[in-house]
1. For the range 146-164, how many residues meet the condition of being of a type outside the set (A, V, I, L, M) and crowded, with 20+ Cβ neighbours inside 10 Å?
2. Which ones in the range 73-93 are of a type in the set (S, T, N, Q) and assigned to a helix (DSSP H, G or I)?
3. Could you please give the count of residues in the range 164-179 that are over 15 Å from ILE151 (Cα atoms), assigned to a helix (DSSP H, G or I) and not aliphatic (A, V, I, L, M)?
4. Quick check on LYS182: is it surrounded by fewer than 16 Cβ atoms within 10 Å (Cβ to Cβ) and either of a type in the set (D, E, K, R) or not in a helix (DSSP H, G or I) (or both)?
5. Being surrounded by fewer than 17 Cβ atoms within 10 Å (Cβ to Cβ) and under 17 Å from VAL35 (Cβ atoms) is true for just one of ASP63, ASP75, ASP57. Which residue is that?
Amino acid sequence: MFLKLFRKPKSSTDRSRIDPADYIAAYRATGDLTVLGDLYEQHMDLVYAVCFNYLRDEDEAKDAVMSLFEQLVTDLRRHEVQQFGPWLHSVARNYCLMQLRKNQAHPKAVLVTGTDLDNDPVKLLWTDDDDSSDLEDDLTLMESCLQTLPIEQQTCLTLFYLERKTYTEVADLTGYEMKKVKSCLQNGRRNLKICMHK
């Protein structure tokens with residue numbers, strides 16, 4: 001099963017047209033892991049990118065992708081998921097943060113506000129410095145504030161800032177129009193900054 005997950009599908013055109021909600025409904029009704037595997041395979045590139053961004057290790061990221069599939073086996077039976085892509089993105093991010101905290105190897109994050117870095121009011125700069133104890137509270141606060149934002153803003157902020165995607169790539173990954181992507185980023189930055197300065 002997992003070997004299959006790391007192979008590119010021969011043709012995903014037809015499957016990509018099927019609504020994820022239909023896959024989820026079929027899986028919940030039958031418990032068929034093949035159905036869940038087909039759905040997950042369509043989102044694996046994004047899941048791997050999220051995991052690698054946080055874990056910074058190819059093998060660990062692949063292990064995380066497999067572990068997340070195992071987690072979905074139970075999570076999708078327990079939770080009602082309306083937007084699978086953004087929900088999966090959030091699940092993957094939270095999983096990686098838990099792994100980093102567990103291993104005491106949390107990436108150091110420096111929150112930059114104001115007019116630095118091309119006038120972006122909030123930006124994360126990742127470094128290789130493992131001495132992150134002083135910034136753990138900042139990162140936890142940021143993650144907490146992200147969770148209070150609408151899912152569209154969460155997704156766009158994470159893709160654009162943490163994963164360094166372009167506007168076009170964010171639009172392609174989310175399916176949002178470019179105007180919506182820019183709006184989500186602008187509103188999300190403002191809301192995140194307000195939340196973090198309360």
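1. Residues flagged as of a type outside the set (A, V, I, L, M) and crowded, with 20+ Cβ neighbours inside 10 Å within the range 146-164 amount to 6.
2. THR74, SER90
3. Residues meeting the conditions: 5.
4. No, not satisfied.
5. ASP75
Every number here is computed from the coordinates shown, using simple stated rules; none is lab data. In this text, all values refer to a predicted model and were calculated from it rather than measured experimentally. Cβ atoms come from the backbone with ideal geometry, glycine included; neighbour counts cover every protein chain shown.
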